[in-house]
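What follows is a single structure, written as structure tokens, with notes after it.
Please treat every number below as a calculation from the coordinates, not as lab data. The structure displayed is predicted, hence computed values, not measured ones. Note that we place each Cβ from the backbone using ideal geometry, even for glycine, and neighbour counts take in every protein chain shown.
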Amino acid sequence: MNIETAGAQTINANPTMPPLFLADHQALDFINSLVSPKEYTLEFLTDDAAVLRWLEKAGFPTEGGAAAVAENPPNELVTQARALREAFRIAVAARKKGDIADISALNTLLARSNAYSVLYWSDPERVPERVSRRYVTAPADLLVPVAEAMANLLTTETFTLIRKCENPGCSLWFFDRTKSHKRRWCSMALCGNRMKVAAFRSRQQKQLEQAEASD
Ligand SMILES: [Zn+2]
């Protein structure tokens with residue numbers, strides 16, 4: 001089932017609503033820009049500007065992004081970003097299951113690899129500084145670093161530590177970087193507390209039923 005259609009209704013996040021950065025990995029945070037509890041689907045990548053804001057907040061380079069977006073048809077960036085996100089969501093789920101998935105959307109972006117170096121040298125006492133930059137001529141170029149983060153996750157990370165939130169009604173993924181490797185929730189505030197309260201209530205209910213049965 002496609003998660004885009006899983007929720008009953010897709011709600012666009014208000015531009016002032018901060019996106020979720022709780023996955024402890026940029027590529028998984030990208031998946032989490034679409035939040036799908038059972039009742040509805042919340043979309044953070046609502047338009048080109050929202051994608052630029054998301055990339056910047058996530059720490060991806062956005063230099064030249066606004067111009068690239070302005071020079072191209074509207075919604076090109078957001079359409080490509082969403083397509084990449086869904087391809088990656090399927091790939092992560094497949095990797096998790098020990099299956100394979102179509103990663104051609106990632107490969108298309110990886111082939112645009114556009115990094116170059118710039119040297120800055122102004123102080124005779126110091127070694128020149130080397131800064132990494134990227135060519136951004138089309139909206140797709142902005143997604144290349146995202147695809148690279150995705151490629152790193154799929155190829156180098158320990159997948160037992162990459163998990164979906166244990167709340168069955170929650171679509172969020174995370175990278176468990178805790179020392180004990182026992183992270184269970186996207187966050188305590190969103191799901192952990194709620195699920196613990198639910199588990200407590202169900203235990204209480206069972207005890208009550210057992211007590212009544214033994215009366
Ligand atoms: Zn959750």
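What the Cβ-Cβ distance of THR178 and ALA49 gives, at R0 = 45 Å and to the nearest 0.05, is a FRET efficiency of 0.85. On a per residue basis, the convex hull of the C-alpha atoms belonging to segment 75-215 measures out at 207 Å³.
Site pair ALA115 and ARG201 shows an inter-label distance of 4.9 nm when each label is modelled 7 Å from Cα along Cα→Cβ.
Residues of segment 181-207 falling in the label zone of LYS38, defined by backbone nitrogen less than 14 Å from a point 7 Å along Cα to beta-carbon, are 195, 198-199. Put a dot 7 Å past the Cα of ASP123, heading toward its Cβ, do the same for PHE159, and the two dots end up 4.7 nm apart.
Between TRP54, ALA149, SER214, whose Cα lies farthest towards the positive end of the dipole of the chain when Lys and Arg beta carbons carry +1 and Asp and Glu beta carbons carry -1, centred on the Cα centre? Working it through, the farthest residue towards the positive pole turns out to be SER214. Using the Kyte-Doolittle scale, which helices in the chain average at least -0.5 and also have C-alpha atoms spread 24 Å or more along the helix axis, with helices defined as whole DSSP H runs? Passing helices, by number: 76-97. Stretched out straight at 0.36 nm per residue, the stretch from SER104 to THR79 would grow longer than its current Cα-Cα span by 7.4 nm.
Modelled label positions at ASN193 and ALA67, each set 7 Å beyond Cα in the direction of Cβ, lie 4.7 nm from each other. In this structure, the amide hydrogen of ASN12, modeled 1.01 Å from its nitrogen in the peptide plane, lies closer than 5 angstrom to those of GLU43, counting only residues at least 5 positions away or on a different chain.
Between segment 153-215 and segment 33-69, the C-alpha centres lie 28 angstrom from each other. Isolated cysteines of the chain, defined as having no other cysteine beta carbon under 4.7 Å away, are CYS191. Highest mobility in the GNM of the chain, judged by mean-square fluctuation with C-alpha springs under 10 Å and restricted to VAL118, VAL69, VAL127, is found for VAL127.
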